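Visitor: For reference, the structure I am asking about is given below.
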Amino acid sequence: MFWLNNVAHRGKNSEGYPGHFGCRVRQRNKKLEIFWVYNEFKPKKNSDKYQVISHYLPREGNYRYSQSTFTRAQDWEKSVITAVEDAFSIIRRANSNLMRVRQLCRWNDTNLFKMTGDIDDFKMDNPL
């Protein structure tokens, strides 16, 4: 949704051209990353094209960015960013919950396996 709106405002005749905010969603090292960037456009030498420099925007809260992060957004960007960030915050929280479940399962697996070994050792040392 965000990308479609961004592409729709790419023309030089479009109001609020160009939009400067972008979002990135990727999986890296078995970890889900969802974050926002502020894009800076610098003209390339001897060309009418631009070099895009993306600046990572830090997230202050646990699961969502504060609205003040996007104060420099164009009018068309603000409503789309809000809708997308609402969805992203739910995904971030669900991902955090799943990571916690994985940690608990790993703990259970490790400790139950160890407990079984300890019981077997006890039986060997203390036959009835």
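The values are calculated or read from the model by the stated rules, or taken from the named source; none is laboratory data. As the structure is a prediction and not an experimental result, all values here were calculated from the model. A quick note on method: Cβ atoms are made from the backbone with ideal geometry, for glycine too, and the neighbour counts reach across all protein chains shown.
Visitor: Just to be sure I understand, how many residues within the range 15-43 are more than 18 Å from Ile81 (Cβ to Cβ) and surrounded by 10 or more Cβ atoms within 10 Å (Cβ to Cβ)? Break it down stepwise before answering.
Guide: At the first step, the residues of the range 15-43 found to be more than 18 Å from Ile81 (Cβ to Cβ) are 26-32, 41-43.
Checking which are surrounded by 10 or more Cβ atoms within 10 Å (Cβ to Cβ) leaves us with 32, 41, 43.
Within the range 15-43, residues that are more than 18 Å from Ile81 (Cβ to Cβ) and surrounded by 10 or more Cβ atoms within 10 Å (Cβ to Cβ) number 3.
Visitor: When the residues of the range 23-75 are filtered to those that are among the aliphatic types (A, V, I, L, M) and in contact with a Phe, Trp or Tyr (Cβ under 9 Å, 6 or more places away or on another chain), which remaining residue is nearest to Ile91 (Cα to Cα)?
Guide: We begin by selecting, within the range 23-75, every residue among the aliphatic types (A, V, I, L, M); these are 25, 32, 34, 37, 52-53, 57, 73.
With the extra rule that they be in contact with a Phe, Trp or Tyr (Cβ under 9 Å, 6 or more places away or on another chain), the set shrinks to 25, 34, 37, 52-53, 57, 73.
Working: Val25: 11, Ile34: 9, Val37: 18, Val52: 28, Ile53: 27, Leu57: 18, Ala73: 23 Å.
Here the residue is Ile34.
Visitor: Additional query: Any idea how many residues of the range 74-112 are among the hydroxyl-bearing types (Ser, Thr, Tyr) and without any contact (Cβ under 8 Å) to a residue 12 or more places away in the chain?
Guide: Let us first name the residues in the range 74-112 that are among the hydroxyl-bearing types (Ser, Thr, Tyr), namely 79, 82, 89, 96, 110.
The next check asks that each one be without any contact (Cβ under 8 Å) to a residue 12 or more places away in the chain; those that pass are 79, 110.
Of the residues in that region, 2 qualify.
Visitor: Further question on the same structure: Out of the strands (runs of 3 or more DSSP E) lying entirely within the range 1-109, which hold 3 or more residues that are in contact with a Gly (Cβ under 7 Å, 6 or more places away or on another chain) and modelled with pLDDT under 95? Working first, answer last.
Guide: Details: elements: 21-28, 31-43, 50-56.
Counting at least 3 such residues, we get no strands (runs of 3 or more DSSP E) at all.
Visitor: A follow-up question, please. So Ser54 passes all but one of these: (1) hydroxyl-bearing (Ser, Thr, Tyr); (2) touching a strand residue (DSSP E or B) at 6+ places or on another chain (Cβ under 6 Å); (3) farther than 22 Å from Gln27 by Cα. Which condition number does it fail?
Guide: That leaves (3) as the condition not met.
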